[in-house]
1. Find, among the trypsin sites (Lys or Arg not before Pro) in segment 81-137, those assigned to loop by DSSP (not H, G, I, E, B) with at most 15 other beta-carbon atoms within 10 angstrom.
2. For segment 168-250, what is one quarter of the convex hull surface built on the Cα atoms, given in nm²?
3. Sort 98, 437 so the one with the fewest other Cβ atoms within 10 Å of its own Cβ comes first.
4. How far apart, in nm, are the 7 Å Cα→Cβ label points at residue 422 and residue 404?
5. How do 27, 79 rank when sorted from fewest to most other Cβ atoms within 10 Å of their own Cβ?
6. Pull up the cross-link candidates among the lysines for residue 470, meaning alpha carbon to alpha carbon under 18 Å and not fewer than 8 places away within one chain.
7. Give, as a single signed number, the net charge of other residues whose beta carbon lies under 14 Å from the beta carbon of residue 24, with Lys and Arg counted +1 and Asp and Glu -1.
8. For the cross-link pairs 17/315; 17/207; 142/206; 27/207; 50/122, which exceed 21 Å when the distance is taken from alpha carbon to alpha carbon?
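Just so it is clear, none of the values below were taken in a lab; they were calculated from the coordinates. Bear in mind that the values here come from a model prediction, so they are computed numbers and not experimental data. Note that each Cβ is placed from the backbone with ideal geometry, even for glycine, and that neighbours are counted across all protein chains shown.
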Amino acid sequence: MMGEGGTPLIHALNLGKMLGLENLYIKDERQGPTNSFKDRQASLAVTAWKEAGIREAVLASTGNVAIAYSAYAARAGIKLWAFLTSLVPAEKMREVAVYGTQVVKVTATYDQAKTIAYEFAKQRNLHFERGSRSIPSVEAMKTLAYEIVEDLGLFLGQNNPEVNQSDGLDSEWIAPDWYLQSVSGGLGPQGVQKGFSELFEMGLIKKVPAIAGIQTEGCAPMVHAFQRDQSIAEAVVSPRTHIATLSTGDPGFTYTLLLTRMRESADLGKCNFPGGGIFEAVSDEEAYRTMHMLAKLEGLSVEPASAVAFAGLIKLVRDRIIKQNDVVVVNCTGHTMSIETDILGDNWAKNLVVSAKVFEEQPEEGILSALSAATFEKFPRVLVVDDTSDARRLIVRILKSQGDYILFEAENGGEAIQKALKEAPDLIILDLMMPEVDGFMVLDALKNDPRTSNIPVIVVTAKDLTRAEKARLQGRIHALMEKGNFLDSNEDGENDLSSQIREILK
Ligand SMILES: *Cc1c(COP(=O)(O)O)cnc(C)c1O
């Protein structure tokens, strides 16, 4: 009706490199008419309303459902009432209202708002949108599965040894190993899982992906139930999260249904992962940090609720639940607007005030001198030493995504020693295995010169070190990290190259 569905599947090369995942894909649902995968659901559900002659309807929403249904209801000429909790960001509430929907702000939890909306609909004898109990809503989400297998076939089909060119299909359809989504009510994964299962049953794909449902720690009823091996989720009565989209405290029957379907697909050998998937929780803070990193690494600005899924991805890779060779698809939605102030702070722009007088007097020099007078803060200086440009570029990218570092690069030991003297870095990230002057020799040279002997060094290495090599490093370096595993924990429980660096530069 309005261009819903058919969103691009984006190969996340940079984030994938950082996580060591070659086949990480992002289903970019931001590109739907109202920027979330709720457009699929709204399109089909409102069409069904229209066919059924419904003229006025009621729903409760954590934000995105109300926005999507408002747009489609407006087009269909159906009057809509949206009950939103006061947690929903003001920007989203206004967007709902713009479409002509009657917004009812409820100062209560989402579950309570839902009950009030239901009572209201019953009293007035209006249609009530029942979310995961509404057939069109669930069925619409199957299209996500259809598009994913089609696009993965295009990405992976040609080089894939499993491709059977003689089966009469133009291109093979390929299911991912994992489908990740942040989960609130659970309608998305319920429909997507159904879509994959039906494709499997029709013989169109060879496996059903494992589902990873990610919730916020402050509202994780599914995760709690899953970890306790319970098939009924106990409601979280007072959700504690700033991420309103994910504040369904009581998923009710949907969790049970989803879990049953996931287990069944594993038991019947359709899904290769035990139990058919996993539920995991991350903190709001982890989500915000991941959101900023994703924007800087991939150029994708997503809403906090989607960042929860990416934070979950990082956790599952670290815990080695998602393996390096797995094909992974993450559902991505929304926009950062509502929390940009939180992640950027106050100093995100440099103010440059040029008076009209300066312009008149010295047109060009005036602007230049004003520019050079603008004070830029001093950022920590980091020297990255590695003989392969790919490895240097990866480290540089990771650092750039996490802070405003001033970065220097050296491609061999000799250059490293020179730049350490010339640039006086606050920190050196050093590759050990380089031809001619190797990392050990660089360390010796740095230690022997009083101008460089106090610069902290993080050593990165591609191989396991011998006992003798480890002994040589003892006391001379700050940390040892394995290449390709910058996100793994070391013995101190520290994880993440950038947190190591922040620690050192404090
Ligand atoms: C709706 C929504 C969710 C939660 O999806 P459910 O399938 O309803 O659990 C997660 N993230 C975003 C951005 C959403 O809009």
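1. Of the trypsin sites (Lys or Arg not before Pro), the ones in loops of segment 81-137 whose Cβ has at most 15 other Cβ atoms within 10 Å are 130.
2. Projected area, direction-averaged: 6.6 nm².
3. 98, 437
4. 2.5
5. Listing 27, 79 from fewest to most nearby Cβ atoms yields 79, 27.
6. Result set, ordered by chain and number: 447, 483.
7. Summing Lys/Arg as +1 and Asp/Glu as -1 gives -3.
8. From 17/315; 17/207; 142/206; 27/207; 50/122, over 21 Å: 17/207.
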